1. Give me Tyr42, Tyr24 ranked fewest to most by other Cβ atoms within 10 Å of their Cβ, as a rough exposure proxy.
2. Tabulate in residue order the Karplus-calculated ³J(HN,Hα) for the range 77-92, using 6.51 cos²θ - 1.76 cosθ + 1.60 with θ = phi - 60°, rounded to whole Hz; enter x for Gly and Pro.
3. Within the set Lys171/Lys208; Lys92/Lys171; Lys35/Lys230; Lys172/Lys253; Lys171/Lys253; Lys172/Lys204, which residue pairs have Cα atoms separated by over 26 Å?
4. So if each residue of separation counts as 0.36 nm, and I subtract the Cα-Cα distance between Lys155 and Tyr254, what length gain in nm does that give?
5. Roughly how big is the range 111-154's charge dipole about its Cα centre, with Cβ charges of +1 (Lys, Arg) and -1 (Asp, Glu), in debye to the nearest 20?
6. Can you put Asp190, Asp14 in order of Cβ neighbours within 10 angstrom, beginning with the fewest?
7. Just in the range 124-204: which trypsin sites (Lys or Arg not before Pro) are loop by DSSP and have at most 15 other Cβ atoms within 10 Å?
8. First select every other residue whose beta carbon is under 11 angstrom from the beta carbon of Thr201; then total the charges, Lys and Arg +1, Asp and Glu -1.
Amino acid sequence: MGSKTTVLDKQLADISFSIIMANYNSSEYVEQSIKSVINQTYENWELIIVDDCSTDNSREVIENYTVHNKIELFKTRKNLGYSGALKLGISKSRNKVIGILDSDDALHSKALDVMARSYKLYSNYGFIYSTMWRCNENLEARKVDKTIRKIDVNKSHWLINPPVSHFKTFKKEFYGKTKGFEIAQKKSVDRDIIYKLSEVTQFKFINKPLYYYREHQQGISQGSNEFGTKFYSYRAKLNAYKRRLNTNLPNFKYKNLRIIYYYNIVFYRVFKFFINIFLKLHIDLLIDKLLLLIPNKTLRNKLIIFKNRYIDIFG
């Protein structure tokens, strides 16, 4: 048994990870996220951080770690959104396997070791994911997420609500066969890329919690952002349905998508029309300036929630 392990260890050398982190105003949490990568027992990795025009001191926190030769920081000139930042990060990556780590979460110290061994054992799989710990705001583990489970991408039953979440990793060669992350997909980004990758490769589930998911009000799919996340999950489903038409890929049943068509064609266009008027009045820029001037934290948070819920989602 020992000799087999030794052989496998030697074979792991060619499994290299690019961990992509999109950061926006996560100064409270980003250091803990970075340290969780530095503390990995598996050492063949690079960490690419894309700061998406943060207005807090996130960049300063991150820059303290760029002395590490495996960590790179890229700064966007304009706000690209979560999906756009991930797309940029992957374009800068050099390694074979991509892993996604949010700037307010953390990895288990053996996460990359487990994934590297999994890619070696299941070499025909292009997407390998695990389950995760659900944590409080202090990243104290509360429970393992039991909703994340194995799927068969050759079946259709999982499409309506994919039971796939963190820790997500995938081979860059298969990512290159899709349209990848899209700036227009402002929320429900994970669902969109899961659909795309399931169209080009097989998925493997590792039933170990390798990721610490922080639950807090400002999380990208939590709290006030739920409104936008639901809308964009419909968008991801609709696009997946269209891509799968006239192929051998399993697809949604049309009856499950009628409400999505209605949501996309009627609600989205009407709502976006009014938001575009709002943007032309530069209300979003005014809010950004007010955030810099208002000392009251409660009022600042209310303005941030308003901007996240309506302006950033549909603008």
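Derivation of every value follows stated rules applied to the coordinates shown; laboratory data play no part. Note that the structure is predicted; figures quoted are calculated from it, not measured. Backbone-built Cβ (ideal geometry, glycine too); neighbour counts: all protein chains shown.
1. Neighbour counts put them in this order, fewest first: Tyr42, Tyr24.
2. 7, 9, 5, 9, x, 4, 5, x, 5, 5, 4, 4, x, 5, 5, 8
3. Lys35/Lys230; Lys172/Lys253; Lys171/Lys253
4. The Lys155-Tyr254 span can extend by a further 34.1 nm.
5. It works out to roughly 180 debye.
6. Neighbour counts put them in this order, fewest first: Asp14, Asp190.
7. Lys146, Arg149, Lys150, Lys155, Lys177, Lys179
8. In short, +2.
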